[in-house]
Every structure is written in structure tokens, then in C-alpha cells.
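Visitor: Sharing a structure, written as C-alpha cells. Questions coming.
Readers should treat all values here as calculations from the given coordinates under stated rules, not as data from a laboratory. Every value quoted in this text rests on a predicted model; they were computed, and no experiment measured them. Heads up, the Cβs are rebuilt from the backbone with ideal geometry, glycines too, and the neighbour counts pull from every protein chain shown.
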Amino acid sequence: MEHVDRQASRGARREGEPLPTREQPKGPRVVYTSETPWVNESEHVLVMACSDPRFREAGEEFMRVHFRLRRFDQLILPGGPASILISAPSFFAIRPQVKMLHETHDFKRILAIAHHDCAYYRLKYPKLDDAARRERQIADLHEFSKEVVKLAPGTRVELYYAEPANGYVQYLAVE
Ligand SMILES: [Zn+2]
């Protein structure tokens, strides 16, 4: 029994441990190898969300648990879905990127997530209070759904708004 256990532990690689150095080619040095296997597949889903780090962990959970998505495209930009609207400074930069991604990754579904206390909206609309800013963001989500299908025709667009609630993050479907 002890012998078998020793054999098993000898074969196991510790999490993140690089492969033995003799297998590394010349050039940049491997510092980490994933426990996650490489899967050469796409779910044909684009997620557009803001970069706000406070929503990062909950956002990943929302994708994994609620949608059961693992291999989706992600465009993470200040203001998230607002980045393709004419009112955004990134309008001319981001729209062709969305189009190119759709042409190469064949999206079936686009998920757009706006969030509470977004710095992009706070800077853009300094006179709006929380409630008025939320209203502006929801109007922009509707605008996003009209605009994004020009870049990615034939996709289903879903809109969400994230906000803290009782120490957690809740996601509201915007319809
Ligand atoms: Zn934000």
C-alpha cells in the first residue's frame, strides 16, 4: 500500500510547478504551467464588461456558475459595453475590434454587464447622483444592444447590471 502511494505521489505535479527544465526550449523561461488543460474550443460568446477590480471575482463566478461558461471572449474596458457607443472616446478603436472578433470567433451570444459606481460614468457625468447614473447606464445598455448587432449581426444580446447587495454582488437582467 505504502509502495503504491509513493508511486502516485512521485508522478503527481504540484500545482503551478514548471515542467522539468530539460523539456524547456531556449528562450523565455517557463515560470508556471496551468492545472487547467488546454482545450482548443470556443463557446462563441462575447462578454463585455468594465475593468473595475471590485467586480472581478463575482463576475467570474457569474460566468462559471450562472451561465456555465468557461471559454468565452472577453472585452474588458472602462465602462464595459459603453465603449462601443458614439459617446465613448474608444468608439473608433473598439468597434472594428468587435467586428473582427465576431468574424473570426462567430459569436452566437453577447453578454453586456454594466455596474454600480462605475468610474467611467462618474467621470463622464459628474453631476449625476447614483440613481440618475444607474438610469443613464441602463439606457446605454439598451443603446448597446442596438449598436452591437451592427458589428456582430445575428447574435443574441443579453444585458445585465451588477450591484453590491448585503455584502455580495447581485446581477440584474435588464430587459
Ligand atoms: Zn466601471
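Visitor: Run the Debye formula on the Cα coordinates of the range 48-125, all scatterers equal and no solvent, and tell me log10 I(q)/I(0) at q = 0.14, 0.21, 0.23 1/Å.
Guide: Debye output, listed in q order: -0.49, -1.03, -1.16.
Visitor: Which ³J(HN,Hα) values, rounded to whole Hz and listed in residue order, are derived for the range 119-135 from phi using the Karplus coefficients 6.51, -1.76 and 1.60 in 6.51 cos²θ - 1.76 cosθ + 1.60 with θ = phi - 60°, glycine and proline given as x?
Guide: Each residue of the range 119-135 in turn: 4, 4, 6, 5, 6, 6, 10, x, 8, 7, 7, 3, 5, 5, 5, 4, 4 Hz.
Visitor: OK, next. For the chain, with only Lys/Arg (+1) and Asp/Glu (-1) charged at the beta-carbon, what is the dipole magnitude about the Cα centre, in debye rounded to 20?
Guide: Using only the charged Cβ atoms, the result is roughly 480 debye.
Visitor: I want the antiparallel fraction of DSSP beta bridges within the range 39-174, as a percent rounded to 5. Present the calculation step by step, with values, prior to reporting the outcome.
Guide: Working: 7 of 23 bridges.
Bridges in the range 39-174 are about 30 percent antiparallel.
Visitor: Can you compute the helix-only [θ] at 222 nm over the chain? Use -39500 (n - 2.57) per DSSP H run of at least 4 residues, normalise by all residues, nearest 500 deg cm²/dmol.
Guide: On the way: 5 runs with 59 residues, N = 175.
After summing the helix terms and dividing by the residues of the chain, the value is -10500 deg cm²/dmol.
Visitor: For a quick check, take a GNM of the chain with Cα springs below 10 Å and name the residue from 32, 125, 160 with the largest mean-square fluctuation.
Guide: The residue with the greatest mean-square fluctuation here is 32.
Visitor: Here is a follow-up. Working from the alpha-carbon coordinates of the range 39-174, get Rg over Rh, Rh being the Kirkwood radius. Let's see the in-between values first.
Guide: Working: Rg = 14.4 Å, Rh = 15.1 Å.
Ratio of gyration radius to Kirkwood radius: 0.95.
Visitor: Then there is this: For residue 170, list long-range residues whose amide hydrogen, built 1.01 Å from N in the peptide plane, is under 5 Å from its own amide hydrogen.
Guide: 163, 165
Visitor: Regarding the range 130-175, what's the average projected area of the Cα-atom convex hull, expressed in nm²?
Guide: Numbers: hull surface 14.9 nm².
Mean projected area for the range 130-175: 3.7 nm², to one decimal.
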